[in-house]
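Trainee: Below is a structure I'd like to ask you about.
FYI, it's all coordinate maths here, none of it is from the lab. The model shown is predicted, which means the values in this text are computed figures rather than measured ones. Here the Cβ positions follow ideal geometry from the backbone for every residue, glycine too, while neighbour counts run over all protein chains shown.
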Amino acid sequence: MTRKIAIISYPVSSKIVVLFSVVIFVLLVVVEEPLGEVASPPVNKHQIQGELQTGKQPIPNMPDLAGIYFYQGLRHYDLGQWEEAIVAFKEAIGIRPDSEVTYFSLGIAYSRLEIWEEALASFTRAAEIDPDYAEAYLGIGIAFSMLGWDKVGLQALEKAIQIKPKYAQAHYALGLSYLKLGDKNSALKEFRILKTLDQNLADELIRMINN
């Protein structure tokens, strides 16, 4: 049985609480683009189309059935039905256990529920299936941070950047993680990199640094 994890076991300043919430926001925002690119339903990337409804349609072959569950998971996710999304993604994985994007989606849904151990396991499995899945390493890094394993989280974020050097969200999360550890100089380094990649994220990071 899964359970929510106590995020931090030591005294927390209000700044760190805000920091964590911003890091989670980055993770939940970044899910839309990779899922859209991989899944891309026919008309609207977040709507379950008529052809995906089982109803009176013939029973599809196994890969199509996995796709149906996957899109159902996306639909539940869009509606804020995190538990239902988890069930659907798990059904898809049961049919197609080598789908890194489904494991990644599962990790996002667990993140919404703050079940960080399960989120970490899901992101890790996605990275095992596809060692070049930068988004999965971003998820791993944030999950480790939320569990209090900050230095291990840094390694995962650095891996994401190694795979995708211009990955703005990973640089942003790395900057926040450095700031959480009290390493302002390294956070400023990520800020300077972000200025060349995403000015909005750079502005948000420097505001956190200057608070």
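Trainee: Averaged over all directions, how much area does the convex hull of the C-alpha atoms of segment 57-211 cover when projected, in nm²?
Mentor: 9.9 nm²
Trainee: Give the calculated FRET efficiency between Asp183 and Asp64 to the nearest 0.05, with a Förster radius of 35 Å applied to their Cβ-Cβ distance.
Mentor: Once rounded, the FRET efficiency stands at 0.10.
Trainee: Does segment 125-205 come out rounded, prolate or oblate by the C-alpha gyration tensor, with a ≥ b ≥ c the root eigenvalues, rounded set by a/c under 1.5 and, if not, prolate when a/b is larger than b/c and oblate if not?
Mentor: Oblate is the answer for segment 125-205, as a/c is 1.5 or above yet b/c matches or exceeds a/b.
Trainee: Provide the gained length on full extension for the span Asp98 to Lys151, in nm with one decimal, where the gain is 0.36 nm per separating residue minus the Cα-Cα distance.
Mentor: This chain segment gains 16.2 nm when fully extended.
Trainee: Quick check on my link table: of Lys159/Lys184; Lys159/Lys180; Lys90/Lys166; Lys159/Lys189, which ones sit more than 28 Å apart, alpha carbon to alpha carbon?
Mentor: Violating the 28 Å Cα-Cα cut-off are Lys90/Lys166.
Trainee: Still on this model: Roughly how many whole Å is it from the C-alpha centroid of segment 66-86 to that of segment 120-143?
Mentor: 20 Å
Trainee: Take the Cα gyration tensor of segment 87-170, multiply each eigenvalue by 5, square-root it, and list the three semi-axes largest first, rounded to whole angstrom.
Mentor: Its equivalent ellipsoid spans semi-axes of 21, 15, 9 Å.
Trainee: Fewest Cβ neighbours within 10 Å first, please rank Tyr172, Tyr71 accordingly.
Mentor: Tyr71, Tyr172
Trainee: With a 10 Å Cβ neighbour count serving as the proxy for reagent exposure, in which order, fewest first, do His171, His76 appear? Don't skip to the end; give the middle numbers.
Mentor: Numbers: His171 27, His76 20.
So the ranking, lowest neighbour count to highest, is His76, His171.
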